[in-house]
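Report on one structure; see the data block that follows.
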Amino acid sequence: MVDETRLFVRLAHTHKPDCVMSLDGTMPKAVPSPDELAVVFGSDEVARYAANCRPIYEDLRRIIGQMSGLAILARLTERREIRDLPELQNCESRWKQASERLSSLSAPAGTVEHKAQLEAALDFCRLAMGTFSEIRGQATLNEMLDLAGLQIKRAYTHLQAASSAKAKLEMVDFSHACCCGR
Amino acid sequence: MADYSIWVLEYCYVPKYHKSGVLYGAHNEGYVKLPYCYVVIKGRDHIAMVDVGYNDKEYGKTLGDRFGVENWRDPKTVLAEIGIRPEDVDTCFISHAHFDHFGNVEDFPNAKFYIQEREISKWVWAMSLPDRMRWMMVAVDPGDIVRGVDLARDRRLVTVDGAMEDVLPGIDLHAAPDSHTWGSMWVTVRNDGKKESEDSWVLAGDLVYQFENLSNNGAVVDVEEMYTPVGLAVGSQANLILATEEMMSQVGYESRRVIPIHEERLNDTFPSRISAEGLRITEICLADGESSKVS
């Protein structure tokens, strides 16, 4: 009988090292942001692209944040009910929304690399959610959380690479924050 | 007899911060300088910190360009002023998860981190809310929570549910739910080690920003002095007032023993000096046998 958990772990690791979906691959570097590209390619089309990126970016930012928090709480409480929590279901519906938006996102010249980072972040979020749902018993909890942690970190790194302050694609919402000096 | 030395170390600052953020209701009253600090608590067997600042590698440009944060220095530079290294720190108490308090865990490789469980669980909940309620999740960086995943895996993150006594000898944690954030906490150092301490210090995190939060002119309500909460609260100002009362009761209502870490005028009350980097080091108290780092 096939151990589905181990099969899943193995399959999740079978990308080539240079594949963007490899957990062990080189971490992505920041790609040209929409505001930088606008200088080269003209502002209107790129500005439209950046505006359309924002809800996708926000969805991914939230999914990553939520999954991280859930992973911490699951690890520290050693409770496997994580997959039944409404917050995880919320992640799944947000992921579907982001996926639909991203598939219809038109990437003008020069922004393909930027869009690829969003796609990679989306894919790693899917993998992490899948890992959560693979948690069956106590025995697999830590193993699955280890894997989910790697996938979440990878998703975060890709999203970070696609961040741009001027395009309002930012990890931290500073509005009304205690740090805001202006 | 004092078991611990305590220093407040500035690691950057905002030169002009709107006063209404610091003091509830202080609209159109201009700006104040807002230092960003963390606290070092050094005892015979432990070196602990309250908060760890943020990592300029990822946010410095954003902060510098958009929010006027200046003169950031890394923990290695800042802690060297009192003769310790980041790797010497074994315990970090995170008062809340805002990026400028929880944003630099990687610079403390040997530390165990304590944070209120509610600070994480309610933030996860807030992230699930519709976009129109986005205000409830400001100033927390998902990256800090991502790094928390690694800390939890390595058994270096401890979530606390409410108060916790003697987390280190003579050091207690206290929760202030639904106040500045969902799960803010403060740290009380009973420096004589006694249960009914006569030498307690409260390290308030962002539950108190400046002295006026503890002692403000109360003429408007016909009292001499009153608490006035900080301007920024995800929870409520009422809960901030209740937390302030509890903090003050722990120090016998001696307000100088409640330490606000965003207070520029700590030097009016405690000995301090400015480092060569232009950042203030304030010495709150010294343990027996410890030498001053400001004289």
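At what distance in nm do the modelled label points of B:Glu246 and A:Glu143 sit from each other, each positioned 7 Å from its Cα along Cα→Cβ?
4.2 nm
Hey, any idea what Rg/Rh is for the protein assembly as shown, computing Rh the Kirkwood way over Cα pairs?
Details: Rg = 23.1 Å, Rh = 23.4 Å.
My calculation of the ratio gives 0.99.
Could you work out [θ]222 nm for chain B from helices alone, using -39500 (n - 2.57) per DSSP H run of at least four and dividing by all its residues? Round to the nearest 500 deg cm²/dmol.
After summing the helix terms and dividing by the residues of chain B, the value is -5500 deg cm²/dmol.
Evaluate the charge dipole of chain B about its Cα centre and quote only its size in Debye, nearest 20, assuming +1 on the Cβ of each Lys and Arg and -1 on the Cβ of each Asp and Glu.
Charge dipole of chain B: 700 debye, to the nearest 20.
With charges set only on the Cβ (+1 for Lys and Arg, -1 for Asp and Glu), what does the dipole of the protein assembly as shown come to about its Cα centre, in debye to the nearest 20?
1440 debye
To make sure I understand the rule: partners must be lysines, Cα under 25 Å from the Cα of B:Lys76, and not fewer than 8 residues away in the same chain. Which ones qualify?
B:Lys33, B:Lys42, B:Lys57, B:Lys61, B:Lys112, B:Lys293
Each residue of segment B:89-102 in order: what ³J(HN,Hα) in whole Hz does its phi give by Karplus 6.51 cos²θ - 1.76 cosθ + 1.60, θ = phi - 60°, with x for Gly and Pro?
6, 9, 9, 10, 9, 9, 5, 6, 8, 4, 4, 7, 10, 10
Ignoring ligands, DNA and RNA, what percent of the 1.4 Å accessible area of segment A:30-161 is carbon and sulfur?
Numbers: 2550 of 5180 Å².
Looking at segment A:30-161 in its full context, I get 49 percent from C and S.
For the pair A:Arg54/B:Glu87, report the inter-label distance in nm, with labels modelled 7 Å from Cα in the Cβ direction.
That separation, rounded to one decimal, is 4.6 nm.
So if each residue of separation counts as 0.36 nm, and I subtract the Cα-Cα distance between B:Arg273 and B:Glu29, what length gain in nm does that give?
Roughly 85.0 nm would be gained on extension.
So with the 1.4 Å probe, I'd like the accessible area per residue for segment B:5-285, rounded to whole Å².
Averaged over the residues of segment B:5-285, the accessible area is 37 Å².
Report the accessible surface area buried between chains A and B, summing both sides, using a 1.4 Å probe on protein heavy atoms only, in Å² rounded to the nearest 100.
Buried: approximately 3900 Å² between B and A.
So what J values fall out for segment B:224-234 if you push phi through Karplus, 6.51 cos²θ - 1.76 cosθ + 1.60 with θ = phi - 60°, rounded to Hz, Gly and Pro as x?
So the J values, rounded to whole Hz, are 5, 9, 8, 6, 10, x, 5, x, 10, 8, 6.
Tell me whether segment B:5-285 comes out rounded, prolate or oblate; compute the Cα gyration tensor, take square roots of the eigenvalues as a ≥ b ≥ c, and use a/c under 1.5 as the rounded threshold.
Rounded, since a/c falls under 1.5.
So, in Å, what gap is there between the alpha-carbon centers of segment A:48-76 and segment B:147-223?
Measuring centre to centre over Cα atoms gives 29 Å.
The values are calculated or read from the model by the stated rules, or taken from the named source; none is laboratory data. None of these values were measured; they are calculated from a predicted model. Counting neighbours? That spans all protein chains shown, and the Cβs are built from the backbone with ideal geometry, glycine included. Heavy atoms of the whole protein, side chains included, go into the accessibility calculation; ligands, DNA and RNA do not. Shrake-Rupley method; radii C 1.70, N 1.55, O 1.52, S 1.80 Å.
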